[in-house]
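Accompanying notes for the structure given below.
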Amino acid sequence: MEVWIGQERRKRERRKQQRQGQERQGQERRRAERRRPRLLPTTTGLPARRAVAALRKQHIDPAPLLQRAGLSEQDMNNQENRISSSAQAKLLEFAAEALHDPALGFHLATEVDPRELGLPFYVASAAKDLGEAIALLGRYCRIINEAIRVQMTRRNGDLVIDFHVVGVPRFLAGQNAELAIAVILKSLRVITGRNVHPTKITLVHVRNSDFREFERFCGCPVEFGGSTDELVFSNESLAVPLITEDMHLLDVLRPICDEAAKQRETPPASFRASVENEAHKLLPHGRAQRHNVAKKLAMSTRTLARRLASEGTTFEEVVDELRRSLALQYIKTPSVSLSQAAWLLGYEGSSSFNHAFARWTGHSPSVVRQEKQLPAPA
């Protein structure tokens, strides 16, 4: 009996030590998680997971593309994990190229059920009319993607919704932008029960002018290569009532969304991305100089240089690499002539563009366009 009692005591002691060890490991993991730099800004990753599914459907291994974008299979497998907004934008671009689908973002959006957006969709669906629903989506969209900022103004009585991104290079987010616009319109049509549409859409990135499929879906003219990303809704359309209106649900969800959005009020991950986004807007006007970009960011040129230096780069390097990335995109876009590409990149003439392109790639832009042999993105 005494032997048996001794064995049971030792067993209990071992189990106690195991539990204590597991608790210590859990505490260490939580402390490490708090110390680990967060990949700001973040997103729920719905588009990224859709892109991975599309790749697998075509028997394309997503692992190399995930690695290029700075993601992993584990990131995709755990639906609860938020991922880097910048990494998601890159993955959509890589997937579009691998799938030979220049409209991948839009095509993925057509398969999305707006309910998958979660809280922002449900709170918007409880609104009284389209105008209130749009305001709620704009207010709470950062719950889905922290990189998105929305500003709403009135222009000649119409509502102008201006989108911009922080912490994400806008020139690498064309697919993501088209997906977001399509999902927003799809959501508004579900909650109104009508084929509502803006009067005009403007997007910053450049693409083929014959993207009729997207324009037909949007139900309005779509301008690419604009100075800002914006949707314009007529004042009349804002009064369209919702078939899903629920004042009680709105009262319940609004404070929950306020708290969730507050947790997503995060600073941009990269100052460089902010510089790239401002320089991108100024390039076509030949005004992407240091002092102009600094003014747009409300700082001195010395502060701009110091903050870029803290990220291991210079203003000249940022603009040169931005031009290189954009040039490779324009070369793949047949509707953009080489002279137009030179203008969009801020060069005074084609000769300056040709010289820079040869420095980047070792070939002239006309040769690369004819042979369709593009170097890998930087």
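The values are calculated or read from the model by the stated rules, or taken from the named source; none is laboratory data. Since the model is a prediction, treat every value here as computed from it, not as a measurement. Cβ placement follows ideal geometry from the backbone for every residue including glycine, while neighbour counts extend to all protein chains displayed.
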Only residues that are within 17 Å of residue 193 (Cβ to Cβ) and of a type in the set (A, V, I, L, M, F, W, C): list them for the range 117-136, please. 121, 124, 126, 127, 130, 133, 134
Please specify each residue of the range 66-96 satisfying the condition of being more than 18 Å from residue 180 (Cα to Cα) and within 17 Å of the chain's Cα centre (by Cα). 66, 68, 69, 70, 71, 75, 76, 81
For the range 324-361, enumerate the residues that are without any contact (Cβ under 8 Å) to a residue 40 or more places away in the chain and among the polar types (S, T, N, Q). 337, 339, 340, 350, 351, 352, 354, 361
Test of understanding: among 276, 265, 223, which residue is assigned by TED's automatic domain parsing to the domain that holds residue 136, at pLDDT below 95 and acidic (Asp, Glu)? 223
I'd like to know if the range 159-171 contains one or more residues that are assigned to a helix (DSSP H, G or I) and more than 29 Å from residue 192 (Cα to Cα). yes
Is it the case, given these coordinates, that residue 59 is assigned to a helix (DSSP H, G or I), modelled with pLDDT of 95 or more and surrounded by fewer than 21 Cβ atoms within 10 Å (Cβ to Cβ)? no
Selection within the range 183-210 - outside any helix (DSSP H, G or I) and over 23 Å from residue 344 (Cα atoms): 193, 194, 195, 196, 197, 198, 199
Out of 97, 73, 80, which single residue is in contact with a Pro (Cβ under 9 Å, 6 or more places away or on another chain), surrounded by fewer than 23 Cβ atoms within 10 Å (Cβ to Cβ), farther than 11 Å from residue 48 by Cβ and at pLDDT below 95? 73
Just to check your reading of the model, which residue among 53, 126 is over 15 Å from residue 172 (Cα atoms) and touching a helix residue (DSSP H, G or I) at 6+ places or on another chain (Cβ under 8 Å)? 126
Which members of the range 121-157 meet the condition of being in a helix (DSSP H, G or I) and of a type in the set (Val, Ile, Thr)? 123, 134, 143
For the range 211-323, which helices (runs of 4 or more DSSP H) that fit wholly inside it have 1 or more residues that are surrounded by 16 or more Cβ atoms within 10 Å (Cβ to Cβ) and without any contact (Cβ under 8 Å) to a residue 60 or more places away in the chain? 212-218, 271-282, 290-296, 301-310
